[in-house]
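As structure tokens, the structure follows; a few thoughts come after it.
The values are calculated or read from the model by the stated rules, or taken from the named source; none is laboratory data. Note that the coordinates shown come from a computational prediction; the quantities given were computed from them, not determined experimentally. Note that each Cβ is placed from the backbone with ideal geometry, even for glycine, and that neighbours are counted across all protein chains shown. Only protein heavy atoms, including side chains, enter the accessible area calculation; ligands, DNA and RNA are left aside. Shrake-Rupley method; radii C 1.70, N 1.55, O 1.52, S 1.80 Å.
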Amino acid sequence: MNVPIRVVLVDDQELFRAGVAVIVGAQPDMEIVGEAADGREAVQVVDEQQPDVVLMDIRMPELDGVEATRLIFSPDRTARRARPVRVVVLTTFNLDDSAATAIRHGASGFLLKDATPAMLCDAIRTVHAGNAVLAPADLTSLLAGTFRERRPAPPGFEQLTAKEREVLSAVARGLSNAEIADEVFASESTVKTHVGGILRKLGLRDRVQIVVLAHEHGLTDPPP
């Protein structure tokens, strides 16, 4: 039997937490392992429970969801963590600047609070599998205006092959594996191999981080 996806729920509204807990707890492949009412408590619960997925409200007292996400993915906590954790930001505003900042800090996307129970559960499964809960093109649009100054190429970039750099640019522009395969004249399985090489060489966790890194370092344009 598969191990259930361990979920921590973070929201300052007790009634909302209770409703989501019922939905998630009813899924045979999920379980709620902790709850928190503010960001500071959320960081502590994540440290203690080591969940797979965190549903993180953006606006909370004491410490908001953006700062809590930054702390959850701080280098020291990441190094101590026995299992990877994914964060899904919960917000009432589509393409929210706060959500964009949380994604830059490590979140795997965001979900509107009026999403259906099915969408919520699909989002949990999606991020647990290492994917974003925001369409790549939407993620690119969300991040496009948030980086005013471009940083130099990151460590490990020089290790990328010419083809991997093409794939990195395509991922950053929101292309699917099928679209990337057409652009770089390769099979989808080869594209997946290249994506794996990019993640490994740049020390990234998933495709969401590729998009963030590419925008941060100005690597979204196709190589010459």
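So here's what we get for this one:
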read-out: Residue check, V7 open to solvent by less than 30 Å² (accessible area, probe 1.4 Å), part of a strand (DSSP E or B) and in contact (Cβ under 8 Å) with a residue 60 or more places away in the chain; value: yes
read-out: The stretch 34-62 residues that are within 20 Å of D122 (Cα to Cα) and of a type in the set (A, V, I, L, M, F, W, C), paired with ones that are in a helix (DSSP H, G or I) and open to solvent by 70 Å² or more (accessible area, probe 1.4 Å) (beta carbon under 7 Å, 6 or more apart); value: V53/H128
read-out: Test: residue in the stretch 146-159 that is modelled with pLDDT under 90, among the small types (G, A, S) and touching a Gly at 6+ places or on another chain (Cβ under 7 Å); value: yes
read-out: Number of the exception - S74 against (1) of a type in the set (S, T, Y); (2) open to solvent by 60 Å² or more (accessible area, probe 1.4 Å); (3) under 20 Å from Q209 (Cα atoms); value: (2)
read-out: Selected residue [over 18 Å from E35 (Cα atoms) and either of a type outside the set (S, T, Y) or under 12 Å from the mean Cα position of the chain (by Cα) (or both)] from R86, R80; value: R80
read-out: Subset of the stretch 20-56 (residues that are farther than 28 Å from N2 by Cα and not hydrophobic (A, V, I, L, M, F, W, C)); value: D38, G39, R40, E41
read-out: Flag for A99 being hydrophobic (A, V, I, L, M, F, W, C), open to solvent by less than 40 Å² (accessible area, probe 1.4 Å) and in contact with a Phe, Trp or Tyr (Cβ under 7 Å, 6 or more places away or on another chain); value: yes
read-out: Odd one out for L143, checked against (1) at pLDDT 80 or above; (2) crowded, with 18+ Cβ neighbours inside 10 Å; value: (1)
read-out: Filter result for A68 (closer than 23 Å to L204 by Cβ, hydrophobic (A, V, I, L, M, F, W, C) and surrounded by fewer than 20 Cβ atoms within 10 Å (Cβ to Cβ)); value: no
read-out: Failed condition for V208, given (1) within 20 Å of the chain's Cα centre (by Cα); (2) among the aliphatic types (A, V, I, L, M); (3) surrounded by fewer than 15 Cβ atoms within 10 Å (Cβ to Cβ); value: (3)
read-out: Boolean, V133 is under 12 Å from V208 (Cβ atoms), in contact (Cβ under 8 Å) with a residue 60 or more places away in the chain, among the β-branched types (V, I, T) and surrounded by 18 or more Cβ atoms within 10 Å (Cβ to Cβ); value: no
read-out: Check on A107, in contact with a strand residue (DSSP E or B) (Cβ under 6 Å, 6 or more places away or on another chain), modelled with pLDDT of 90 or more and under 25 Å from G218 (Cα atoms); value: yes
read-out: Candidate set: the stretch 77-96, residues that are over 22 Å from L120 (Cβ atoms) and open to solvent by 50 Å² or more (accessible area, probe 1.4 Å); chosen: the one modelled with the highest pLDDT; value: R77
